[in-house]
Structures are given as C-alpha cells and as structure tokens.
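The structure appears below as structure tokens.
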Amino acid sequence: MIQITRTISLDENEIHCDFIRASGPGGQNVNKVASAVQLRFDVRNSPSLPGDVRERLNRITGKRSIGGGVLIIVARRFRTQERNRQDAINRLVELIRKAVEKPKPRRQTKPTLASKKRRLDFKHHRGGTKRLRQSSRHTED
C-alpha cells in the first residue's frame with residue numbers, strides 16, 4: 001500500500017511499471033541496461049480515488065495521460081531501476097496530492113472607484129502623448 005493522505009492509499013497492484021532503455025549519454029551502459037521506468041496508472045478505473053479527485057487528476061495531468069484515462073510517468077533521472085521506480089512513484093504521489101486539494105472558488109469583485117479613475121486618468125494622459133506626436137497638418141483638418 002502506498003499512503004497518499006490519511007484517507008487515500010493506493011494498492012500497488014494498480015500501478016504497472018515497465019522498464020525501458022534510457023536515452024541520452026551514458027556510453028555502453030545505456031545500450032545494455034533498461035534502467036528507465038515507465039509507470040502506468042489507470043486514473044479513470046482506480047477504486048482508491050474518490051470521484052472529484054479523479055476528475056482533478058485528469059485535468060492536472062493533461063498530455064501525460066492517454067485516451068482511456070491512463071496516466072504515464074517516465075522516470076530516467078537515476079542509473080538504477082529501483083531509484084527510477086521510486087522516483088516515478090513519488091511523482092505520482094505528488095500529482096495525486098495536488099489533485100486532492102480543492103481549488104478555492106473565485107469570487108467576482110467589482111473594480112473600485114479609485115481604480116476606475118486611475119485607469120481613465122492613464123488613458124487621458126496616454127491620449128495626450130499621442131496627440132502631441134501627431135504632425136500639425138492632421139490637427140488643422
């Protein structure tokens with residue numbers, strides 16, 4: 001069990017890890033050893049996540065999730081499989097913790113009288129500057 005919050009925990013069977021070859025520098029070791037991890041987590045069908053958290057997680061992940069609501073995290077920062085696997089799980093936990101936080105609802109406000117006056121004063125000043133830049137023949141018409 002992977003503990004996310006006090007109330008939410010993931011079963012390790014819900015997470016599927018595939019080991020792939022990492023790209024980039026590293027010489028012969030990179031070509032021989034599959035040390036990068038591709039973690040797959042089915043957000044849409046996970047029984048561990050409440051519905052609202054599931055929706056927010058889908059919204060947060062964006063491009064990292066594929067068609068059926070499957071989240072893919074690729075970890076290739078470290079040289080060993082185990083550290084990359086732990087890194088991928090930690091990143092998944094952080095994403096879920098972010099999704100658990102409910103967004104604060106936006107309250108509409110009206111602009112204050114002083115801010116309206118400042119805006120109009122700035123527009124008047126800017127118009128005056130542009131008027132001074134015009135050539136004299138445009139002002140005579």
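The values are calculated or read from the model by the stated rules, or taken from the named source; none is laboratory data. Keep in mind it's a predicted model, so treat the numbers as computed, not measured. Cβ sites come from the backbone with ideal geometry, for glycine too, and all protein chains shown count toward neighbours. Protein only, heavy atoms only, side chains kept; ligands, DNA and RNA dropped before computing areas. Shrake-Rupley method; radii C 1.70, N 1.55, O 1.52, S 1.80 Å.
When only alpha-carbon atoms are used, what values of Rg and Dmax, in angstrom, describe the chain?
Using the Cα atoms of the chain, the pair Rg, Dmax is 27.1, 82 Å.
On a 0 to 90° scale, report how tilted helix 51-61 is relative to the longest principal axis of the chain, with both axes built from alpha carbons and the result rounded to the nearest 10.
Orientation of helix 51-61: about 70 degrees from the principal axis.
What's the carbon and sulfur percent of the range 77-141's accessible surface, probe 1.4 angstrom, rounded to a whole number? Write down the numbers at each step before the final one.
On the way: 3210 of 6280 Å².
Result for the range 77-141: 51 percent of the exposed heavy-atom area is carbon or sulfur.
Per residue, how many Å² of accessible area does the chain show with a 1.4 Å probe? Can you show the working numbers first?
Working: 10830 Å² over 141 residues.
On a per-residue basis, 77 Å².
Do you know the Lys pair count in the chain for C-alpha distances under 22 Å, with sequence separation 8 or more or different chains?
Values: K63/K98; K63/K102; K110/K123; K116/K130; K117/K130.
Going through the chain pair by pair, I get 5.
How far is helix 113-133 tilted off the main Cα axis of the chain, in degrees rounded to 10, range 0 to 90?
The answer is roughly 70 degrees.
Subtract the Cα-Cα distance of R6 and K110 from 0.36 nm times their separation in residues, and report this length gain in nm to one decimal. Could the numbers behind the result be given before it?
Numbers: separation 104, 0.36 × 104 = 37.44 nm, distance 3.97 nm.
Gain in length upon complete extension: 33.5 nm.
Restricting attention to the alpha-carbon atoms of the range 72-141, what are Rg (one decimal) and Dmax (integer), both in Å?
28.5, 80
Compute, for the range 49-131, the length of the dipole vector about the Cα centre, with Cβ point charges of +1 (Lys, Arg) and -1 (Asp, Glu) only. Units Debye, rounded to 20. If you can, show how the numbers build up before the last one.
Working: 26 positive and 7 negative charges, 173 e Å.
Computed about the Cα centre, the dipole is about 820 debye.
If you line up the long axis of helix 81-100 against the longest principal axis of the chain, both from Cα atoms, how many degrees apart are they, to the nearest 10?
Around 50 degrees separate the two axes.
Ranked highest first by average number of other Cβ atoms within 10 Å, how do 124-134, 68-78, 102-112 line up?
On the way: 124-134: 8.8, 68-78: 16.8, 102-112: 6.6.
Per-residue mean Cβ counts within 10 Å order the peptides as 68-78, 124-134, 102-112.
How much length is gained if the chain between V74 and K102 is pulled fully straight, taking 0.36 nm per residue apart and subtracting their Cα-Cα distance, in nm to one decimal? Could you put the intermediate results ahead of the total?
Values: separation 28, 0.36 × 28 = 10.08 nm, distance 2.66 nm.
Gain in length upon complete extension: 7.4 nm.
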